[in-house]
Every structure is written in structure tokens, then in C-alpha cells.
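Notes for the one structure printed next.
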Amino acid sequence: MALETPNLLLHPFFINILLPFLLIFVVVYAILEKTGVLGKDKRYANIIVAAVIGFIWIGAQSLVGFTIRLIPLFAVMIIILLGYFLIFGFIGIAGNKGLKIALGILFGIAILASIAWAAGLFNLITPATWSPDIIALIIFLAIFGGAIGLILSTHQKENK
């Protein structure tokens, strides 16, 4: 019989408390530093406010569950966005303003859909007869078709 070694990264304290706290703390601290809401060079005040917001956040388990469900989706979206930028940069259409607007709208819709899914509202929006596989196929075909349409439209504009 094999002995199982405990894995620190899978421990509930690490997943349910430490990671959500660090995420919220870092994001709030960065926003406070960048905007200067509490004043210029108020680093310690920003740390205290970010820590308090982080502690309040982990105190509400529904917020922690929401955060844990949403983090993988945002990671995938960032990877997809990086892939789009690399592909469009290699093709040479990175300076197209219409393409940037279209991608911004596309990722805005994707972020709103992800938030609705993580909050449990996605089941209220979609019909009950649709399986997750059908929804994933529709989303994939829409994204793929939109990307091909954008590439072809910018290619035709460059040839004229």
C-alpha cells in the first residue's frame, strides 16, 4: 500500500484562505497605489486598507467560493488574449483600431459570461435543454468564426 504524502498546495487552508487573501490583498493594494486614493506616498495606509479588505473578503465564504471558481477562467482568458495578440502581431494587423475594439467587446462579453457562471447565474440564462457541451461548441464556433471574419476583413482592406 502506497503512502500518500500531504501536499501543501492542496491543503484547504492554502486554497480557501491564503490564496484568495493574497489575490484580493495584491489587487486592492495595486489599485490603491496606482490611483493614489489615500494620498501620494501613503504606502502603509494602502497596506492596511488592502489587508482589511482581504480579511473581510476571506471572512465571507460565498466570496471565497466565487473567487475560487473565477480564478481559473481569468487565467484561461489571459492566455487566450496573449495568443490573440501574438497571432495578430505575427500577421501584422496589430495596429488596426477596429480589431482592437472588436477584441475588447469580445473579451468584455467573455468576462461578463464568466462572472455570471461563477456567480451561478449562467443556469438562469441558458435554456435547460442545452448541455454544457452544446454551449461550449456554440461559443467556440462564434469565437473561431469571428476571428476568421476579422482576419479576412482586414486582409481585404489591405489589398485595396
* Asked: How much length, in nm to one decimal, is gained on full extension between Ile135 and Asn7, taken as 0.36 nm per residue of separation minus their Cα-Cα distance?
  -> 42.6 nm
* Structure fact -> Residue-ordered couplings for the range 45-62, obtained by feeding phi - 60° into the Karplus form 6.51 cos²θ - 1.76 cosθ + 1.60 and rounding to whole Hz (Gly and Pro as x), are 5, 5, 5, 5, 5, 5, 5, 5, 5, x, 5, 5, 4, 6, x, 9, 5, 5
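Rule-based calculations on the coordinates, nothing more; no lab input. Only a predicted model underlies this, so the values are computations on that prediction, with no experimental measurement involved.
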